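A.B. asks: First the structure, which I've put down as structure tokens, then a few questions once you've had a look.
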Amino acid sequence: MFWNKSKGVDLDSLSNKELEKKMEEFTEDGERASVILESRRKELLELYRVAYVQIEQKLYTQALNSLNSYLKLSEKYGEIVKEFVFELIILAATDSGEDSSGILSVYDSIVNYYRKKECAGLAEVFMKKREDYEIEVNRIKEMQERYSFSIDEEPVRLALERLESIKVNSYRNNANDVSFDAVWRSVLVQVDYYEQGEKGWNMLNKTTYKGAKNWLKSFAHLCKEDIPDEYKSKEE
């Protein structure tokens with residue numbers, strides 16, 4: 001194939017956008033631009049892949065280092081960072097145990113990045129994600145105030161959220177909510193009242209009893225203390 005000659009250009013100094021434009025030329029430089037651009041994007045894709053695997057392996061510091069290298073290369077090549085890359089950064093920061101103020105700071109940096117790059121749509125997307133995250137953080141903070149033990153573990157928090165959505169929660173004695181076990185047993189007390197027909201003490205009806213019983217069975221595995229045999233899983 002014959003190519004038109006072009007003036008000497010340092011293609012390595014061009015941005016990805018400039019390389020894309022150069023590719024439109026029917027010249028040797030146009031072909032070289034295509035090769036360089038493909039190589040750069042493979043390099044970025046490999047960094048993303050490595051970071052993804054590192055997160056799966058819980059190597060969060062290494063993953064964040066890989067993603068930081070991705071950001072630096074993107075800036076060097078004039079490539080706008082894709083939304084999914086920032087999503088991975090947020091995931092790595094969250095799973096690594098970064099506190100909420102640190103996560104909010106990450107969101108702020110992403111929003112500022114897209115604003116500087118004049119990507120208003122993506123800036124709005126991450127601003128909305130930030131707002132949703134902050135709402136969730138405040139919701140969990142308010143929920144934590146109702147218990148005198150940590151609800152940081154997601155399974156425990158989900159169990160309590162479910163409990164607060166059923167009627168038995170308004171009947172149980174929550175004065176001694178010092179652990180998840182104590183909460184679980186306070187529900188068990190209400191179920192026992194119903195099953196034993198305790199007049200004056202039983203507040204449940206057939207429907208609310210069933211909901212309470214199902215809750216006990218669903219979340220008994222979160223208890224650290226011994227529980228009645230009927231609530232133990234078959235594997236125990």
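A.B. asks: Could you tell me which residue of the range 156-189 is most open to solvent (accessible area, probe 1.4 Å), considering only residues that are small (Gly, Ala, Ser) and over 14 Å from residue 208 (Cβ atoms)?
C.D. replies: 175
A.B. asks: Let me ask something additional. Show the residue pairs meeting these rules: Cβ distance below 7 Å; 6+ apart or different chains; first residue within the range 73-102 and surrounded by fewer than 18 Cβ atoms within 10 Å (Cβ to Cβ); second residue part of a loop (DSSP other than H, G, I, E, B) and among the charged types (D, E, K, R).
C.D. replies: 80/117
A.B. asks: Whether any residue in the range 184-196 is part of a loop (DSSP other than H, G, I, E, B) and free of Cβ contacts under 8 Å to residues at least 40 places away in the same chain is what I want to check.
C.D. replies: no
A.B. asks: Taking residue 146 and the conditions (1) in contact (Cβ under 8 Å) with a residue 12 or more places away in the chain; (2) closer than 21 Å to residue 227 by Cα; (3) in a loop (DSSP other than H, G, I, E, B); (4) open to solvent by 60 Å² or more (accessible area, probe 1.4 Å), which numbered condition does it fall short on, given that it satisfies the others?
C.D. replies: All conditions pass for residue 146, except number (2).
A.B. asks: Looking only at helices (runs of 4 or more DSSP H) that fall completely inside the range 1-111, which ones have 2 or more residues that are farther than 30 Å from residue 131 by Cα and of a type outside the set (Val, Ile, Thr)? So that I can check it myself, show each step before the final result.
C.D. replies: Details: elements: 16-22, 28-56, 60-77, 83-95.
Those helices (runs of 4 or more DSSP H) span 16-22, 28-56, 60-77.
The values are calculated or read from the model by the stated rules, or taken from the named source; none is laboratory data. Since we're looking at a predicted model, the values are computed, not measured. No Cβ is skipped: glycine too gets one built from the backbone with ideal geometry, and neighbour counts run over all protein chains shown. In case anyone asks, the SASA skips ligands and DNA or RNA and just uses the protein heavy atoms, side chains included. Shrake-Rupley method; radii C 1.70, N 1.55, O 1.52, S 1.80 Å.
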